[in-house]
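Written out below as structure tokens is the structure these notes cover.
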Ligand SMILES: Cc1ncc(C[n+]2csc(CCOP(=O)(O)OP(=O)(O)O)c2C)c(N)n1
Ligand SMILES: [Mg+2]
């Protein structure tokens with residue numbers, strides 16, 4: 001551990017180069033009482049005799065770290081990550097699989113097969129870049145638009161599709177809406193709809209890891225919209241003051257449903273809040289999987305030594321917010337184009353792999369076809385499976401079912417006995433899963 | 001959520017090959033439109049979303065201090081209740097806020113404290129809990145703690161609530177009882193377009209902060225002939241929607257329609273005569289109307305979507321037994337959501353549906 005930290009301390013200096021330094025050029029001149037700072041416990045700062053307000057223009061905007069240009073070419077060869085070919089291919093295949101899954105499940109919602117869906121288009125680079133840089137034992141708290149992280153971690157399309165169908169194979173027993181995945185085995189905490197609630201929770205988990213000396217890190221994904229919640233502020237502040245091994249990963253995709261970032265916040269985005277809260281902070285091009293990989297890799301080296309990190313990954317939400325949304329009500333289709341073409345994360349990654357001789361048009365076609373088939377097969381199976389037994393509705397509320405729930409279960413049992421023809425019992429399993 | 005919005009946005013022709021097994025059960029009730037008009041004059045066919053829009057339009061037109069805000073309200077809100085109002089009244093009166101419910105509630109309290117009329121939208125009632133502190137500790141107590149010097153009666157918080165067929169844990173809840181427990185707040189639930197317009201206008205004009213819970217499944221599925229003029233419906237008054245003399249059925253919101261249907265089934269199948277009351281106002285609630293009815297019928301069923309334990313039905317039952325004890329022919333019955341979170345695929349088993357209510361009526365009569 002000590003050695004690891006020594007190594008990353010050197011990298012920290014390197015990191016400082018990529019983090020923009022807060023410029024002090026606009027600060028007023030200082031009066032130092034005998035060279036020392038004022039004695040207030042609240043801040044370490046010098047005195048001044050000049051009133052000068054700082055504003056969002058007092059600092060340079062935090063730059064966006066990137067490795068690849070729009071043609072998938074490495075801009076500065078020193079920044080090309082050292083990733084083995086299998087991993088690179090795995091990253092790209094995951095992007096394709098994710099795209100195919102999104103396409104088919106979105107359409108299946110339109111056909112009334114599932115009740116709801118959310119696509120990940122435009123953010124694939126954030127998913128695979130971060131997932132590849134983390135250790136599989138690191139705990140992930142997600143928001144809902146991170147399905148690529150789950151796929152990369154080895155959750156199968158079948159598992160995700162079963163959750164969307166809410167059949168008896170869904171580990172959450174059909175209780176949650178689609179896309180609320182979770183997997184204890186893959187260290188992904190089950191997703192919850194209320195926004196930003198996962199953020200202070202993730203920090204708490206990180207603190208537990210720190211105390212346990214586990215060497216594990218927590219990564220928490222959240223949208224730039226969710227970052228406006230009170231819980232986000234709490235998470236930043238707790239992470240910093242309690243020195244937690246956490247990576248706070250903001251996916252800034254430009255929108256929170258219809259609300260553009262211009263109405264979500266002022267100032268230099270979410271990243272600017274990092275240094276203010278005492279967090280190591282980097283802004284990265286989220287359409288560049290390799291840039292995300294490098295940034296998360298370094299962030300992890302810091303976090304594992306109990307230096308919490310805030311990352312802001314810039315991207316664009318290419319799809320509608322969800323199947324309940326029609327984004328043409330609040331943005332032009334022209335605006336979207338750029339992000340499906342020259343700024344497409346999958347395209348950049350593909351061009352990079354082609355340049356390295358790792359990928360071809362033929363492989364692309366094959367992978368797309370296979371990705372599609374995997375999803376369709378999973379759907380066909382999921383559709384045949386029944387939903388869990390209705391009694392699952394009352395399990396897991398408490399560890400042991402209290403008397404009042406036992407009573408309610410009995411009431412429903414005798415009710416269904418009398419009125420069975422009015423309930424869609426044939427769609428549900430007869431018996432409870434004993435497994 | 002998706003059903004309602006989907007209807008609006010449905011991509012024509014995209015729906016095909018619907019697998020029979022996977023057709024979603026979307027509606028557990030039949031909407032019973034109001035026949036009586038609250039005021040004379042011209043009416044227009046409106047769904048509940050349009051009636052709410054109309055009430056806010058009237059307010060913005062007549063009250064220059066009024067503002068309307070919340071997440072995604074600028075383009076009309078995710079349920080489109082504010083549709084067209086930003087175009088009509090400008091961005092400084094109808095606007096998006098950052099994504100923060102505690103901020104929305106606190107901001108609204110501040111507006112009201114400073115003399116403005118505040119209509120705050122919380123995107124889903126399930127997401128009102130980050131604002132719980134602002135509403136329960138601040139809005140509810142502002143007048144009391146200042147000895148009447150300050151209040152935020154000009155605040156109305158609107159939030160879509162209730163079951164929609166596939167909302168799961170966090171797009172289905174009915175949190176009325178939480179707020180009814182906080183002295184100082186008024187809690188109102190409409191059952192359709194006519195009541196929504198009249199009650200919302202009352203809430204906005206009310207001298208106390210109001211939580212206005214809109215059963216979201218009614219936004220588009222409920223259509224009525226709504227007066228185009230401004231009108232209010234009294235807060236604290238229930239309505240008897242069907243007269244009867246054997247069982248009193250009490251509900252609010254969507255559940256009123258379940259009970260209206262059940263009352264008819266009870267009549268047709270067993271010749272049982274039910275009186276149906278829409279409470280409309282949860283806090284304050286109309287003890288007089290309710291107790292007079294129960295004294296007449298001697299039997300009472302209360303039904304709500306929220307869970308049984310500490311649901312508002314518990315409060316009603318306690319008061320009814322106190323006031324009507326010697327008139328009761330049977331113990332008061334409650335049919336409610338179970339004491340579990342609201343589940344996605346088990347919704348047909350979770351709701352206090354017509355069959356569970358019907359069975360309860362049978363038991364009341366046979367007691
Ligand atoms: C507490 C809470 N408030 C409101 C919502 C409704 N809601 C769901 S997603 C969303 C927008 C989130 O935007 P962002 O965090 O930027 O994530 P993105 O959808 O862009 O990935 C909103 C308002 C919610 N789920 N939880
Ligand atoms: Mg966003």
Check your understanding: What is the number of the single condition among (1) within 16 Å of ligand 2 (Cβ to nearest atom); (2) within 23 Å of the chain's Cα centre (by Cα) that residue B:155 does not meet?
Key -> (1)
Check your understanding: Quick one: would you say residue B:140 is within 23 Å of the chain's Cα centre (by Cα) and surrounded by fewer than 24 Cβ atoms within 10 Å (Cβ to Cβ)?
Key -> yes
Exercise for review: Check segment A:203-219 and report whether any residue there is within 14 Å of chain B (Cβ to nearest Cβ) and either within 16 Å of ligand 2 (Cβ to nearest atom) or in contact with a helix residue (DSSP H, G or I) (Cβ under 8 Å, 6 or more places away or on another chain) (or both).
Suggested key: no
Exercise for review: Taking residue B:123 as the residue in question, decide whether it is within 16 Å of ligand 2 (Cβ to nearest atom) and either within 14 Å of another protein chain (Cβ to nearest Cβ) or touching a strand residue (DSSP E or B) at 6+ places or on another chain (Cβ under 9 Å) (or both).
Suggested key: yes
Check your understanding: Got at least one residue in segment B:176-195 being at pLDDT 95 or above, more than 16 Å from ligand 2 (Cβ to nearest atom), buried (at least 18 other Cβ atoms within 10 Å of the Cβ) and within 14 Å of chain A (Cβ to nearest Cβ)?
Key -> no
Review point. Identify, please: which residue in segment B:73-95 is away from ligand 2 (no atom under 16 Å from the Cβ) and touching a residue at least 60 places away in the same chain (Cβ under 8 Å) and is, among those, nearest to residue B:54 (Cα to Cα)?
Key: B:81
Exercise for review: Return a yes/no flag: does segment A:137-147 have any residue that is under 22 Å from residue A:205 (Cβ atoms), within 14 Å of another protein chain (Cβ to nearest Cβ) and surrounded by fewer than 24 Cβ atoms within 10 Å (Cβ to Cβ).
Suggested key: yes
Check your understanding: Hey, among B:6, B:44, B:20, which residue is modelled with pLDDT of 95 or more, out of contact with any helix residue (DSSP H, G or I) (no Cβ under 7 Å at 6 or more places or on another chain) and either within 25 Å of residue B:128 (Cβ to Cβ) or more than 9 Å from chain A (Cβ to nearest Cβ) (or both)?
Key -> B:44
Exercise for review: May I ask you to say which residue of A:278, A:230 is surrounded by fewer than 23 Cβ atoms within 10 Å (Cβ to Cβ), within 11 Å of chain B (Cβ to nearest Cβ), more than 16 Å from ligand 2 (Cβ to nearest atom) and modelled with pLDDT of 95 or more?
Suggested key: A:230
Point to revise | Residue in segment B:73-98 that is nearest to the other protein chains (Cβ to nearest Cβ), counting only those that are within 28 Å of residue B:143 (Cα to Cα) and part of a loop (DSSP other than H, G, I, E, B) | key: B:98
Revision key, fill the gap. The condition from (1) at the interface with chain B (Cβ under 10 Å from one of its Cβ atoms); (2) touching a residue at least 12 places away in the same chain (Cβ under 8 Å); (3) within 29 Å of residue B:79 (Cβ to Cβ) that residue A:317 misses is numbered (1)
Exercise for review: Inspect all residues belonging to segment A:330-340 and state whether any of them is within 14 Å of chain B (Cβ to nearest Cβ), under 30 Å from residue B:166 (Cβ atoms) and touching a residue at least 24 places away in the same chain (Cβ under 8 Å).
Suggested key: yes
Practice item. Can you work out which of the residues in segment A:161-188 that are within 8 Å of chain B (Cβ to nearest Cβ) and over 13 Å from residue A:382 (Cβ atoms) is surrounded by the most Cβ atoms within 10 Å (Cβ to Cβ)? Key: A:177
Exercise for review: Kindly indicate which of A:294, A:252 is within 14 Å of another protein chain (Cβ to nearest Cβ), buried (at least 22 other Cβ atoms within 10 Å of the Cβ) and either under 18 Å from residue A:81 (Cα atoms) or within 21 Å of the chain's Cα centre (by Cα) (or both).
Suggested key: A:252
Check your understanding: When you scan segment A:216-315 for helices (runs of 4 or more DSSP H) that lie fully inside it, which ones turn up with 2 or more residues that are within 16 Å of ligand 1 (Cβ to nearest atom)?
Key -> A:230-241, A:261-264
Review point. What residue, of B:124, B:132, is farther than 15 Å from residue A:256 by Cβ, within 16 Å of ligand 1 (Cβ to nearest atom) and either in contact (Cβ under 8 Å) with a residue 12 or more places away in the chain or crowded, with 21+ Cβ neighbours inside 10 Å (or both)?
Key: B:132
Point to revise | Where a residue in segment A:248-264 is closer than 23 Å to residue A:345 by Cα and its partner, wherever it lies, is assigned to a helix (DSSP H, G or I) and within 8 Å of ligand 1 (Cβ to nearest atom), with Cβ under 7 Å and at least six apart | key: A:250/A:227; A:256/A:264
Exercise for review: Report, ordered by the first and then the second residue, all pairs with beta carbons closer than 7 Å, sequence separation of six or more or different chains, a first member in segment A:299-312 that is within 15 Å of residue A:205 (Cβ to Cβ), and a second member that is surrounded by fewer than 23 Cβ atoms within 10 Å (Cβ to Cβ) and at pLDDT below 95.
Suggested key: A:304/A:4
Point to revise | Every residue from segment B:104-117 that is more than 11 Å from ligand 1 (Cβ to nearest atom) and within 21 Å of residue A:225 (Cα to Cα) | key: B:105, B:106, B:107, B:108
**Study point:** 1 or more residues within 23 Å of residue A:172 (Cα to Cα): qualifying helices (runs of 4 or more DSSP H) within segment A:331-409
**Key:** A:361-384
Practice item. Please name all residue pairs, on different chains or six or more residues apart, with Cβ atoms under 7 Å, provided the first residue is in segment B:49-72 and is within 14 Å of chain A (Cβ to nearest Cβ) and closer than 18 Å to residue B:196 by Cβ and the second residue is part of a helix (DSSP H, G or I) and within 16 Å of ligand 1 (Cβ to nearest atom). Key: B:70/B:104
Review point. Can you tell me which of B:38, B:98, B:33 is more than 30 Å from residue B:242 (Cα to Cα) and modelled with pLDDT of 95 or more?
Key: B:98
Practice item. Go through segment A:259-275 residue by residue and tally those that are within 22 Å of residue B:75 (Cβ to Cβ), surrounded by fewer than 22 Cβ atoms within 10 Å (Cβ to Cβ) and within 16 Å of ligand 2 (Cβ to nearest atom). Key: 5
Study note, to complete from the structure: Among the residues of segment A:198-215, the number that are within 15 Å of ligand 1 (Cβ to nearest atom) and without any contact (Cβ under 8 Å) to a residue 40 or more places away in the chain is 1
Exercise for review: Go through (1) surrounded by 21 or more Cβ atoms within 10 Å (Cβ to Cβ); (2) farther than 19 Å from residue B:60 by Cα one by one and return the number of the condition residue B:157 breaks.
Suggested key: (2)
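Okay, residues lined up against (1) surrounded by 24 or more Cβ atoms within 10 Å (Cβ to Cβ); (2) part of a helix (DSSP H, G or I); (3) in contact with a helix residue (DSSP H, G or I) (Cβ under 6 Å, 6 or more places away or on another chain):
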site	(1), (2), (3)
B:285	no, no, no
B:302	yes, no, yes
B:316	no, yes, no
B:331	no, no, no
B:334	no, no, yes
B:340	no, no, yes
B:344	yes, no, yes
B:352	yes, no, no
B:360	no, yes, no
Revision key, fill the gap. Considering segment A:393-410, residues that are more than 9 Å from every other protein chain (Cβ to nearest Cβ) and within 17 Å of residue B:343 (Cβ to Cβ), and then whichever is surrounded by the most Cβ atoms within 10 Å (Cβ to Cβ), we arrive at A:401
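The values are calculated or read from the model by the stated rules, or taken from the named source; none is laboratory data. All values derive from a computational prediction rather than experimental measurement. Cβ coordinates were reconstructed from backbone atoms using ideal geometry, including for glycine residues, and neighbour counts include every protein chain displayed.
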